[in-house]
Amino acid sequence: MDSRGGDGGNDTGPPTVVHGRITDAVFALDPDWQFTYVDDATAAAFDLEDRNVIGRSIWVVLPELAGAGFQDRCLEAIEREQPVRVEQSLTAAGERFAMRIYPGDDGVTVCAREIADDREFTPEPQWTVAETVTDAVVTIDADSTIRRANSATMDVFGYAPSELVGESIGLLMPDEQEQRHQAAVDRYLDTGERTMEWRGIEFPGVRKDGERVDLSVSLAAHTTTGEQRFTGVIRDVTERKRRERALRRATEIITDADRDLDEKTEALLDVVREAVGTDFATVSRIDGDEYRFDTVIVPSDAGVSQGDTVPLEATNCERVVESGETLAVDDLRLEAPELAERTGNVELGTRCYLGAPVTVDGDVTGTFCFYDTDPRNDPFTDWQVAFVEHLAVWIGAELERRRYVERLAALDELNRVVQTVADVAVSQPTRAEIERRTCEAIAATDSYMFAWIGEADPGSQTVESRAEAGVENYSDDVTISVDPDDSEAEGPTGWAFRTGEVQTVHNVATDPEYGPWQDSVDRHGYRSSAAIPIAHEGTVYGVLNVYTDRLDAFTGEEYDVVGLLGKIVGHAIAAIDRRQVLLADAVVDLEFRVSDALDELDAEPPSGYELRIDAVVPREGGEYIVFGTGDCDGIDLVGALVDHHPSWVELLDVRESERGASFEALLASPPLLSAIGAAGGRFVEATVTDGDLHVRMQLPHDVDVHELLDTVREQYGDATLVSKQEVSTTQPKALSDDDVALEELTDRRVEVLRTAYHAGYFEWPRGTSGEGVAELLDISPPTFSQHLRAAERSVFGTLFEESAND
């Protein structure tokens, strides 16, 4: 038949395509689908040997191809400008053909060859099973041409089975993978040996839209009608590989010793943001009602930056903080419209959200959250939720560990400060030097920012600075009161003065009592503070204020040590003041008279009484033990004072002694005795007669007597200074004699002797036991015995040495 275009030979027609030893039939069509070339193989294969088809439409010559897969694939090849493959059966020819369609400027060229129809030989039940699985199942021949494909190929690759049959398996692979695949097939056909396990082979694939996917393939070799076939079960493991990569990256970040926690947190945010598929990622810190963006990864035009704050109630995170549980919402408007209307969501346009709580020491301190301006096309998966929760727990644990390490470091530095202050106190310099060195030692640490010491001004009832370090003129910028009726006395310093106890603020930004000083917080950047009373035996000399940039500082052992620091400084100041009184050439001897001192009693005091207070012994916590004598009416007056006066707590004992009726009473924070102690003075004696109180005391010569008088008048309106004179200290001769070493007879030992003496310990029969004196002093009996023996040894040694010298 003369049906060829040109000179009728293959030399001038399209090149033949060789697959192994088989030469394909070749024919060509112009843009109007008319034959322009037909070779002998085509004429024989399609039963056209006796027909002249050049110039005729293929849809007329071979009507079975019209509207079939062949026509669709021709159109696709022209549109894509790439070769495509198709398998097509022709009833007239009684055969099935695999055809490769090559597009060109003047139409298409088709290479076709007969193939066995696998559908006639594949057991129907077997392929029915293949159609029910969710994995793609693809069968190829020895030339890697796809012979069968199940419907799951649409889900995995985006191709319908009819689009794949007749195509090379390379259509589903990257170019570099196709070459490796064909080499492996050829090697197997030549040797029959496998170079790897054919189960669970992982390599990349390509979807119809060009997207790369990760695949896991299990292969089996078999024969169909005597021809070699390979069937693969193909699973899309893209999501699993994505999870593995995310987990691997997260692990690498967590174990990277060269990154600090903040760097790790930011890197983890980026990893999780990619894993869950959102544009926004935040680690937040909750400060009371404020939501602070601690670490953020957001689009550049989002208008959110690290350090920004918004009201917590404006965010989705409020629900996470309140519940302590993870919140996942795929579409806020549909699933949680009440959240969608919150200010933060409206301003950012947030439509989906996934956030988990960050918990430190049992408290939710922030959130680890991811969100976007579009609702989710695919819901947040259980794995994504678990991934976010897992890393939120890790961040919380690391913050907890960092806090613990910081506390240990602070405690170590604080212990060194205590040692430094103790060393300074031993040398007993001036009070000003002790206070200055204390502040400097604290400010020199890495754990604390600055420190200052203040004392209360009795006139203005405000706190004035005595020393500071790490900051300049801090007290000039703040006003702190000790007046209970003043709001500026409600802070930690005011409470420390009033209670004599350490006051701490673990988060100054959220503490409601810290409101008057928020400008100072913003200016200096501290986050926690402690107000430590500088006190000794009930006298508060001042308050040491310490500041740090750590949240939740001054807890546990750190709290105990800063309290100890205040006691050490207080003891040192008391020792200096008392030594001044004991060793000064002269002291100021003052006597006050308070008329009608008992008018404030709710009860009528007895008349004609006599009452004398002989000694006062201070105890911890602002308490004092008062020893005195009086007649029966005087003792009744003490009972009335206990019943009706706030400072008189308890009548401890009444007994007959060598001096008459003696009593012991417990007082708590009595204003007059506290003022004497704060001034570094010594109570000498007091009497109460016909309602008038006479008090005598001795003070260091440099004390401002007018300030003390003002303090007395605040408590007792009608107070008069009866006498003021410089006198030699009124110590017993044995205690002032040069032969007695004051270094041995310490203040504490003198107090023990005084208490034992006035409590009747040295009388016969004894007015009290050693245990009783120890209880009065609030010390253990062995400690009392130790002090008493040491004091007796000092006194008796002096006496006996004097006798020997005489």
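Take the conditions surrounded by fewer than 18 Cβ atoms within 10 Å (Cβ to Cβ), over 34 Å from the mean Cα position of the chain (by Cα) and over 20 Å from residue 407 (Cβ atoms) and apply them to residue 593. Does it pass? Reasoning before the result, please.
On the way: surrounded by fewer than 18 Cβ atoms within 10 Å (Cβ to Cβ): yes; over 34 Å from the mean Cα position of the chain (by Cα): yes; over 20 Å from residue 407 (Cβ atoms): yes.
When the stated conditions are applied, residue 593 passes them.
Among the residues of the range 411-426, write down those that are more than 24 Å from the chain's Cα centre (by Cα) and open to solvent by less than 50 Å² (accessible area, probe 1.4 Å). It would help to see each step written out before you state the result.
Looking only at the range 411-426, we keep the residues that are more than 24 Å from the chain's Cα centre (by Cα), and these are 415-426.
Correct list: 417, 418, 421, 422, 424, 425.
Which number in (1) open to solvent by 20 Å² or more (accessible area, probe 1.4 Å); (2) farther than 28 Å from residue 535 by Cα; (3) not in a helix (DSSP H, G or I) marks the one condition that residue 662 misses?
Residue 662 satisfies every listed condition except (1).
Which residue out of 295, 309, 343, 278 is closer than 18 Å to residue 360 by Cα and among the hydroxyl-bearing types (Ser, Thr, Tyr)?
Values: 309 fails: closer than 18 Å to residue 360 by Cα; 343 fails: closer than 18 Å to residue 360 by Cα; 278 fails: closer than 18 Å to residue 360 by Cα.
Just a single option satisfies the conditions, and that option is 295.
Between 778, 739, 747, which is open to solvent by 80 Å² or more (accessible area, probe 1.4 Å), touching a helix residue (DSSP H, G or I) at 6+ places or on another chain (Cβ under 9 Å) and modelled with pLDDT of 65 or more?
Values: 739 fails: modelled with pLDDT of 65 or more; 747 fails: open to solvent by 80 Å² or more (accessible area, probe 1.4 Å).
The unique qualifying residue is 778.
Which residue pairs have Cβ atoms under 6 Å apart, sit 6 or more places apart or on different chains, and have a first residue in the range 380-392 that is more than 19 Å from residue 366 (Cβ to Cβ) and a second that is outside any helix (DSSP H, G or I) and open to solvent by less than 20 Å² (accessible area, probe 1.4 Å)?
Pairs that qualify, where the first residue is more than 19 Å from residue 366 (Cβ to Cβ) and the partner is outside any helix (DSSP H, G or I) and open to solvent by less than 20 Å² (accessible area, probe 1.4 Å), are 380/354.
Would you please name the residue that is farthest from residue 438 (Cα to Cα), looking only at residues in the range 388-410 that are touching a helix residue (DSSP H, G or I) at 6+ places or on another chain (Cβ under 8 Å) and surrounded by 16 or more Cβ atoms within 10 Å (Cβ to Cβ)?
First pass over the range 388-410, keeping only residues touching a helix residue (DSSP H, G or I) at 6+ places or on another chain (Cβ under 8 Å): 388, 391, 394-395, 398-399, 402, 407, 410.
Now restrict to residues that are surrounded by 16 or more Cβ atoms within 10 Å (Cβ to Cβ): 388, 391, 394-395, 398-399, 407, 410.
On the way: 388: 47, 391: 43, 394: 39, 395: 37, 398: 33, 399: 31, 407: 20, 410: 16 Å.
Across the range 388-410, the extreme among qualifying residues is 388.
Within the range 475-494, track down each residue that is open to solvent by 30 Å² or more (accessible area, probe 1.4 Å) and within 22 Å of residue 563 (Cβ to Cβ).
490
Could you give every pair whose Cβ atoms fall below 6 Å, whose first residue belongs to the range 484-506 and is of a type outside the set (Asp, Glu), and whose second residue is part of a loop (DSSP other than H, G, I, E, B), counting only separations of at least 6 or pairs across chains?
489/482; 489/483; 493/480; 494/482; 497/482; 504/554; 505/511; 506/552
Being at pLDDT 95 or above, under 24 Å from residue 255 (Cβ atoms) and open to solvent by 20 Å² or more (accessible area, probe 1.4 Å) narrows it down to one residue among 358, 385; which is it? Break it down into steps so the answer makes sense when it comes.
On the way: 358 fails: open to solvent by 20 Å² or more (accessible area, probe 1.4 Å).
Testing whether each residue is at pLDDT 95 or above, under 24 Å from residue 255 (Cβ atoms) and open to solvent by 20 Å² or more (accessible area, probe 1.4 Å) leaves just 385.
Which one of 117, 141 is open to solvent by less than 40 Å² (accessible area, probe 1.4 Å), charged (D, E, K, R) and at pLDDT below 75? Show your work before the answer.
Details: 141 fails: at pLDDT below 75.
Checking each option against the conditions leaves just 117.
Give the number of residues within the range 670-703 that are in a loop (DSSP other than H, G, I, E, B), farther than 18 Å from residue 589 by Cβ and modelled with pLDDT under 85. Steps first, answer last, please.
First, pick out the residues of the range 670-703 that are in a loop (DSSP other than H, G, I, E, B): 670, 679-681, 690-691, 700-703.
Narrowing further to those that are farther than 18 Å from residue 589 by Cβ: 670, 690-691.
Restricting the remaining residues to those that are modelled with pLDDT under 85 gives 690-691.
Residues in the range 670-703 being in a loop (DSSP other than H, G, I, E, B), farther than 18 Å from residue 589 by Cβ and modelled with pLDDT under 85: 2 in total.
Here are some residues: 621, 639, 634. Which one is under 30 Å from residue 414 (Cβ atoms) and either assigned to a helix (DSSP H, G or I) or at pLDDT below 85 (or both)? Explain how you work it out, then say what you get.
On the way: 639 fails: under 30 Å from residue 414 (Cβ atoms); 634 fails: under 30 Å from residue 414 (Cβ atoms).
Criteria check complete, one pass: 621.
Are any residues in the range 514-550 in contact (Cβ under 8 Å) with a residue 24 or more places away in the chain, assigned to a helix (DSSP H, G or I) and not aromatic (Phe, Trp, Tyr), and if so, which ones?
Passing the criteria: 516, 519, 520, 523, 524.
Pick out the one residue from 464, 455, 472, 440 that is open to solvent by 10 Å² or more (accessible area, probe 1.4 Å), of a type outside the set (Lys, Arg), assigned by the TED database to the domain that holds residue 542 and assigned to a loop (DSSP other than H, G, I, E, B).
On the way: 464 fails: assigned to a loop (DSSP other than H, G, I, E, B); 455 fails: assigned to a loop (DSSP other than H, G, I, E, B); 440 fails: assigned to a loop (DSSP other than H, G, I, E, B).
After applying the criteria, what remains is 472.
Within the range 499-506, can one find any residue that is in a helix (DSSP H, G or I) and either within 25 Å of the chain's Cα centre (by Cα) or at pLDDT below 85 (or both)?
In the first step, residues of the range 499-506 are kept if they are in a helix (DSSP H, G or I); the result is 499.
From what is left, the residues that are either within 25 Å of the chain's Cα centre (by Cα) or at pLDDT below 85 (or both) are none.
No, every residue in the range 499-506 fails to be in a helix (DSSP H, G or I) and either within 25 Å of the chain's Cα centre (by Cα) or at pLDDT below 85 (or both).
The values are calculated or read from the model by the stated rules, or taken from the named source; none is laboratory data. Keep in mind it's a predicted model, so treat the numbers as computed, not measured. Every residue, glycine among them, receives a Cβ derived from its backbone with ideal geometry; neighbour counts consider all protein chains shown. Quick note on the areas: whole protein, heavy atoms, side chains included, nothing else; ligands and nucleic acids left out. Shrake-Rupley method; radii C 1.70, N 1.55, O 1.52, S 1.80 Å.
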